[in-house]
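One structure is given below, encoded as C-alpha cells.
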Amino acid sequence: MSVIILGIESSCDDTSAAVIADGVIRSNVIAGQDVHRRYGGVVPELASRAHQQNIVPVVELALREAGISGNDVSAVGFTRGPGLMGSLLVGTSFAKGFALARNIPLVEVNHLQAHILVHFIREQNNDHKFPAFPFVCLLVSGGHTQLVMVRDHLVMEVLGQTIDDAAGEAFDKCAKIMGIPYPGGPWIDRYSRNGNPQAFRFPRPSVRGLDYSFSGLKTSFLYFLRDRQKNDPGFLERNINDLCASLQYTIVEILMENLIRASRQTGVDTIALAGGVAANSALREALTAYGRQNGWQVFLPKPSYTTDNAAMIAITAYYKYLNKDFSSQDTVPEARISFKS
Ligand code: KG4
Ligand code: ZN
C-alpha cells in the first residue's frame, strides 16, 4: 500500500499544502500573502490571519490536484518550528484536527531540516539523482544561514551558522535601504543582471571558524549609500544595478568562502544548496562553477522548492513516517527550535 503524506507549511507568510505519495510529488500548492508588501516586512498578526483564511482552500486544492480524498492520506506532517508563533499555530492546529478526525499519525517537522530534504523529492516519470551521504548543505533563507553536515535523511549537524543576520535578511534589509519592496532578494537578483559586480566594494566580515555574519555588511551599505546620496541625490537611481550587483557579489563571496572551508575541513565534496536564497542566480552560478573546477558533486534545488513550500514538509514527514517517528496531540509549536527536531 502506498504511503501518502499530506504536508502543511505555515511558518512565515506562505500557506502551503502538498501531497507526496511514496516519495513522489503529487501536488504542492502555495498561497503567498501580498498584504505584507506595503509594510516592508512580514507583520506577524496579519500573517496568522491570512493563514486562517487560506489553510482550508489550500489543503482542498492540494488534495484535488493530487487526485485523492482526505481519507486516502496515511499521515499528516506539519511545521512545528522555527517560525512565527501565530503562523505556526494555524498549521499545527489544522494538522492535529485532520489527523484526529481520520485517526492517522501526526508528524512534526523541523522547517530547516525540511528545506534540506527537498533534494529527496522525486518527480513523477523523472529519474531523480539524490545527493549521496554524507553531504554538506548550505542552507540560506530569510531567517537562517547555516552550513549543515547531512549524514542521513534525519541525522544532521550544524557546522557553522550566522551570529547575527541571515543572508536573506542581508538581501532584504539592503533592498529596503534602497527603497526596493519586500522581499528584496529576488529584486536584487534581477537588478544585478545589468550591473557590474566590481563597481563598489563592501567590507567582508571577520568571523572565526565556519560561522557567518551579515549585519556589518548591512550597516556599511547603509552608511555608504547615505554618504554618496548626501553629495549626489541621484546616486542611487543612476547606480542601482551596480549597487545590487556589487552587494550580491559580496554576499555570494562570503557564503562561498565558508562553504569551501567546510568542504576542505570535512573532506566532503558532495555539496547541496537549500532555502529561499538558493534561488539566487549568482549563488547558483558561483557554486556550479566552483564545483565544476574542483570536482564537487553539486546539487541545486528546483527554484520552486527554494522558498517556503509544503512539499519539503511532506518529504520530511515521509522519512519520519518510515521511522515511525510520530507526534502526539499535545505537541505545541516552537518559534525557536534547535536544529534537531
Ligand atoms: O526560505 P524562505 O522562503 O523563508 C524562510 O524560511 O526564511 O526564504 C526567503 C528569503 C527572503 O529573504 C528572500 O529575499 C530570499 O529568500 N530570496 C532571494 C531570492 N529569492 C528569494 N534572495 C536572493 N536572490 C533570490 N533570487
Ligand atoms: Zn524557510
ask   = Just the C-alpha atoms of segment 257-318: what Rg/Rh do they give, with Rh taken as the Kirkwood radius?
value = 1.02
note = Per the 1/(1 + (r/R0)^6) rule, R0 = 25 Å and r from the Cβ atoms of L61 and D22, FRET efficiency to 0.05 is 0.70
ask   = Distance in nm between label sites at D330 and Q53, each 7 Å beyond Cα in the beta-carbon direction?
value = 3.6
query = Rounded to a whole number, what % of the accessible area of the chain do carbon and sulfur atoms account for, probe 1.4 Å?
reply = 48
task = Taking the chain as the reference, fit the longest principal axis to its C-alpha atoms, fit the long axis of helix 281-294 to the helix C-alpha atoms, and give the angle between the two in degrees, 0 to 90, nearest 10.
result = 90
request  = Treating only the Cβ atoms of Lys and Arg (+1) and Asp and Glu (-1) as charged, compute the dipole magnitude of the chain about its Cα centre; round to the nearest 20 debye.
outcome  = 460
inquiry  = Charges at C-beta only: +1 for Lys and Arg, -1 for Asp and Glu. How large is the resulting dipole of segment 135-303 about its Cα centre, in Debye rounded to 20?
reply    = 260
ask   = With the other protein chains left in place, how much accessible area per residue, in square angstrom, belongs to the chain at a 1.4 angstrom probe?
value = 44
request  = Using amide H atoms built 1.01 Å from N in the peptide plane, name the residues 5+ places from L159, or on other chains, whose amide H lies under 5 Å from its own.
outcome  = L147, V148, M149
query = In whole Å, how far is the Cα centre of segment 103-147 from that of segment 27-98?
reply = 19
message = Given Cα positions, please report Rg to Rh for segment 22-114, the hydrodynamic radius being the Kirkwood one.
response = 0.98
key: Cα→Cβ-extended label distance, 7 Å offset, between A289 and S338, nm   = 4.0
Rounded to 5, the percent of DSSP beta bridges in segment 135-303 classed as antiparallel = 60
key: 0 to 90° range, to nearest 10: angle between helix 44-66 axis and the chain longest Cα axis   = 60
query = What FRET efficiency, computed as 1/(1 + (r/R0)^6) with R0 = 25 Å and r the Cβ-Cβ distance, is obtained for S2 and K302, rounded to the nearest 0.05?
reply = 0.65
note = If N is the residue count of the chain, its Cα Rg over 2.2 N^0.38 Å rounds to 1.01
ask   = So what is the calculated 222 nm ellipticity per residue for the chain, using -39500 (n - 2.57) for each DSSP H run with n of 4 or more, over all residues, to the nearest 500 deg cm²/dmol?
value = -14000 deg cm²/dmol
task = Loop sites only, by DSSP: take the trypsin sites (Lys or Arg not before Pro) in the chain that have at most 13 other C-beta atoms within 10 Å and name the longest stretch containing none of them.
result = 1-128
request  = Once you've got the Cα coordinates, tell me which of K129/K324; K176/K218; K96/K324; K173/K302 are over 20 Å apart.
outcome  = K129/K324; K173/K302
ask   = Which semi-axis lengths, in whole Å and largest first, follow from the square roots of five times the eigenvalues of the Cα gyration tensor of segment 135-303?
value = 29, 16, 14
Fully extended contour minus Cα-Cα distance, from E257 to N323, at 0.36 nm per residue = 20.2 nm
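The values are calculated or read from the model by the stated rules, or taken from the named source; none is laboratory data. What you see is a predicted model, and the numbers here were worked out from it, not measured in a lab. We place every Cβ from the backbone using ideal geometry, glycine too, and count neighbours over all the protein chains shown. The accessibility values were calculated without ligands, DNA or RNA, using every heavy atom of the protein model including side chains. Shrake-Rupley method; radii C 1.70, N 1.55, O 1.52, S 1.80 Å.
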